[in-house]
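Structure record follows, encoded as structure tokens.
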Amino acid sequence: MAKTISLTLKVWRQKGPNEPGRFETYEARNISTDASFLEMLDIVNKELTLQGKEPIAFDHDCREGICGSCGAVVNGHAHGHERETTLCQLHMRKFRDGDVLVIEPWRSRVFPVIKDLIVDRSALDRIIASGGYISVRTGQAPDAHALPVSKEHADAAFEAAQCIGCGACVAACPNGSAMLFVAAKVSHLSLLPQGRPERWRRVQKMVRQMDAEGFGACSNHYECEAACPKGIRVANIARLNREHLLAAFRARLFGEYPDIKVLPPSV
Amino acid sequence: MMLDSKVPAGPLAEKWSRYKAEVRLVSPANKRKYTILVVGTGLAGASAAATLAELGYNVQVFCIQDSPRRAHSIAAQGGINAAKNYQNDGDSVYRLFYDTIKGGDFRAREANVYRLAELSCNIIDQCVAQGVPFAREYGGLLDNRSFGGAQVSRTFYARGQTGQQLLLGAYGALMKEVNSGQVKMFPRREMLDLIVVNGKARGIVCRNLITGALESYAGHAVVLATGGYSNVFYLSTNAKASNVTAIWRAYKRGALMANPCFTQIHPTCIPVHGDYQSKLTLMSESLRNDGRIWVPKKKGDSRPPSEIPEEERDYYLERRYPSYGNLVPRDVASRAAKAVCDAGYGVGPTKMAVYLDLRDAFERLGRQTLDDLYGNLFAIYEKIVGESPYSTPMMIYPAPHYTMGGLWVNYELMSNLPGLFVLGEANFSDHGANRLGASALMQGLADGYFIVPYTMGNYLASQSLEPVTPDREEFRQATLLAEERTKKLLSIKGKKTVDEFHRELGLLLWDYCGMARNRTGLEMLLKKIPELRAAFWENVLVPGEAETLNQSLEKAGRVADFLEFAELMARDALHREESCGCHFREEYQTPDGEAQRNDAEYAYVAAWEYQGDDVAPQLHKEPLVFEEVHPAARSYK
């Protein structure tokens, strides 16, 4: 049953990418435990607005855990301390009266702060643009039943394909690595027969783009898996490494993929 | 104004083939001379942009989110229909067509709906080729499930995340074209105006949501795929940024708005629980495959559901509609839920909820099977409500979810403004007065992958378009207007936040233009909405500045448009003196409470034309001609 709690928030406020930021302290009073974390921020923002102050800027959209817009580091945990939960799906019944919450934007040099809790995650789009798809044109695709896929492969591909691109894995990783993000897409597509023809090129392209963006490498901390709101497993990183290694051997033996280029940040 | 639907001649089943055979083409060398602006990157926008780019057009794409992958199609849960007949249960293109047009209560254009059913199979093929991981059976072939309004299993799905997987497929196709250089992507842009030059749509003005700058873009055609307007109700299942602004500004530039009162209230959503609540969450209709809906037989029964014995439960959908049972269409299920709650049989703390009970299904199929089908939905429910659907029935209540109304388009998906194409939920075309489940994804992708790539060529090949650049007077004027509006919003410095006005508007519409409507209520709305709008422009408080990221200002602009749009919605609901699909006028019902359609007087599309801010809009009628089907009383009993 719903009750109300009050909390102290220490929120990162930053006017723009080149402005200095700082923590500001706010009180969130009489918050229903049935409210979501973002609804709690809405309430604080309403008060700030009525006091003539600027509300806290944060990205959000679907508020049902699927669009990947929202996210902040709460007391050191990306998306807060609940497992497999986006910030919008974190509810205040998971906190206690009197809690102090430190709320920060994603921490990564590849995700510059735009304002307050909003960061620029366009690097993730560029990684997908570099090759995170099956290059089929719209038109006369073969009948969907022409190519059976075992249920095991289809299910494993689906598990990986659930990634919402929120960037929590990067924020949680001590190295600021995007390996889980890249691994999820590489796994999804390399597990399916439709994805096989481009398998080696795809992994090469995506890893090169990932490196060019400045993401760190994986050194097996598993913080990404712990933070992932969709429960994407680090086993996918093992698969990514294997795919990448095989692709690299092939490149050395056969001289493939000379045409791969890295996308500039403006794309 | 004569509304020409441009439906091709010939038998229904041959219209689209004939159109494609006779359509004018743009040669490959000429395609690269054209620039097409696509606004919105949901299923319709992303698929259209990717496909037009593959054909060789230069495409500029705009979206409100930080990435095109986040458009609200991502949240669609249950599935996508296709007439594959993989289940051997008697499905066919004709049957999907008939179910869809009947589901829409015979208020959709026959030829459009037939084409949609025809294309449904190509969509599944295309998505599988892209690597969309649909659910499969052990033999390696695709699985299907059932949805409301159909007696066959034709819905393809990826657990409860079908929209996500389809959108990521379309997003991949779009990013492929970004990589090839054929698409230029502009994220975090909100369209604020449509530019019409010599009667043709030639550009847009947008706000750069990071810098606050107003930017102008010119092209040879504009594609709007900006979704629906359920957020006019404030609380809906839509994403927070979903809004009416793009199509409303197009309306104010001369595009007709069709059937704005056709708004779908989805029967299975998590009930409202507090006044701080920011949105409602859907529980996929697919749950009605296995879940049974009931309320206690005794009024005001406050026992926990586990203590209410079988014989004291009223499975009211199974009782009232024995042949479709829990799988009646959405409008029927929603009204039935409202009826039992209004009569005092509702459950939960607010008594405005009914049970969706999976107990029998858990016993029949086991937990693993149900997890494969609905696992993510159970997780969402538990997070929001704090109760486990494994141990207690879910509580649900209807909520605004989808809007069938939208900008008027002809068979080519072009509005009455030449060069303005409208796709997906933003147009009015295929769902009539009620959309069946798993049909929205089908329509968005049919429009984007398979229809507009043909019709766009026909338009461009038959025009001589003068060069237009963003330094023209029309862009300057529109930019000035947008600037003044922004200044005005920031300068009011009143006492109420944007959200407070939005909530107030939403409640008014929910009470008087929601699941049930009547003349008195609607006439009252036509007085109250202008009053609320006036209060907004006198007393709204928008903090911050124009030339920076300002989310309060973004919201204010959208709510200002909702406050104008809501009046048109109420006007449309008032003028349509019949009940059809989701539009239930209490004055027009059968003795047992079903919708009473009036085909003699209202078998038309109501298309409204803007005449000025303080002038009543003009109504144009496109008669609906049924050559193939005979509109019958829509019975699911």
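Values in this text are rule-based calculations from the coordinates and carry no lab data. In this text the structure is predicted, and so the values were computed from the model without any measurement. Neighbour counts are summed over all protein chains in view; Cβ atoms, including those assigned to glycine, are modelled from backbone coordinates with ideal geometry.
For the residue pairs A:Lys3/B:Lys351; A:Lys115/B:Lys383; A:Lys115/B:Lys279; B:Lys6/B:Lys31, the C-alpha atoms sit more than 26 angstrom apart in A:Lys115/B:Lys383. If R0 is 56 Å, the Cβ-Cβ spacing of B:Arg18 and B:Arg359 corresponds to a FRET efficiency of close to 0.60.
Per residue of chain B, what 222 nm ellipticity follows from adding -39500 (n - 2.57) for every DSSP H run with n ≥ 4, rounded to the nearest 500?
So the calculated ellipticity at 222 nm is -11500 deg cm²/dmol.
Residue pairs exceeding 32 angstrom between C-alpha atoms, taken from A:Lys205/B:Lys200; B:Lys252/B:Lys495; A:Lys151/B:Lys176: A:Lys205/B:Lys200. Could you let me know the centre-to-centre spacing of segment A:232-267 and segment B:257-288, using Cα atoms, in angstrom? Using only Cα atoms, the two centres lie 44 Å from each other.
The equivalent ellipsoid of the protein assembly as shown has semi-axes of 36, 33, 31 Å, largest first, where each one is the square root of 5 times an eigenvalue of the Cα gyration tensor. Here the extension length gained between A:Arg93 and A:Asn30 equals 21.4 nm, from 0.36 nm per residue of separation less the Cα-Cα distance.
Centre-to-centre separation between the Cα atoms of segment B:530-559 and those of segment A:43-73: 16 Å.
Legend: mean number of C-beta atoms from other chains within 10 angstrom of residue C-beta atoms, peptide B:44-50, equals 1. Using C-alpha pairs under 8 Å with a sequence gap of at least 6, the mean separation divided by the residue count of segment B:80-157 gives a relative contact order of 38 percent. Taken along the Cα-to-beta-carbon direction at a fixed 7 Å, the label points for B:Lys527 and A:His145 span 6.2 nm.
Only Cα pairs under 8 Å and 6+ residues apart enter the sum, and on that basis the relative contact order of segment B:266-398 stands at 34 percent.
The label-point distance for B:Arg319 and A:Arg13, in a model that sets each label 7 Å from Cα toward Cβ, rounds to 5.8 nm. Counting, for every residue in B:241-251, the Cβ atoms of other protein chains within 10 Å of its Cβ and taking the mean gives 1. Counting only DSSP beta bridges with both residues in the protein assembly as shown, what percent are antiparallel, rounded to the nearest 5? Among the beta bridges of the protein assembly as shown, antiparallel pairing accounts for roughly 70 percent. Close amide H partners of B:Phe584, meaning residues 5 or more places away or on another chain with modelled amide H under 5 Å apart, are B:Arg517.
Protection proxy ranking, highest mean first, for peptides B:36-43, B:544-551: B:36-43, B:544-551, where packing is the per-residue count of other beta-carbon atoms within 10 Å, averaged. Look at the stretch B:204-216: the mean tally of other chain Cβ atoms within 10 Å of its residues' Cβ atoms is 1. Put in order of Cβ neighbour count within 10 Å, fewest first, the listed residues B:Trp408, A:Trp200, A:Trp106 become A:Trp200, A:Trp106, B:Trp408. The B:Ala461 and B:Ala9 beta-carbon pair, evaluated with R₀ = 25 Å, returns a calculated FRET efficiency of approximately 0.75. Using C-alpha pairs under 8 Å with a sequence gap of at least 6, the mean separation divided by the residue count of chain B gives a relative contact order of 20 percent.
May I ask you to order A:246-257, A:32-43, B:55-66, B:225-236 by the average number of other C-beta atoms within 10 Å around their residues, highest value first?
By packing density, highest mean first, the sequence is B:225-236, B:55-66, A:32-43, A:246-257.
For the peptides B:97-109, B:299-311, B:200-212, A:217-229, the ranking by mean Cβ contacts within 10 Å, running from highest to lowest, is B:97-109, B:200-212, A:217-229, B:299-311. The modelled label-to-label distance between A:Arg250 and B:Asp471, using points 7 Å beyond Cα along the C-beta direction, is 5.1 nm.
Which of B:Ile492, A:Ile5, A:Ile232 has the fewest other C-beta atoms within 10 Å, and how do the rest follow up to the most?
Numbers: B:Ile492 15, A:Ile5 19, A:Ile232 25.
Arranged by neighbour count, lowest to highest, B:Ile492, A:Ile5, A:Ile232 become B:Ile492, A:Ile5, A:Ile232.
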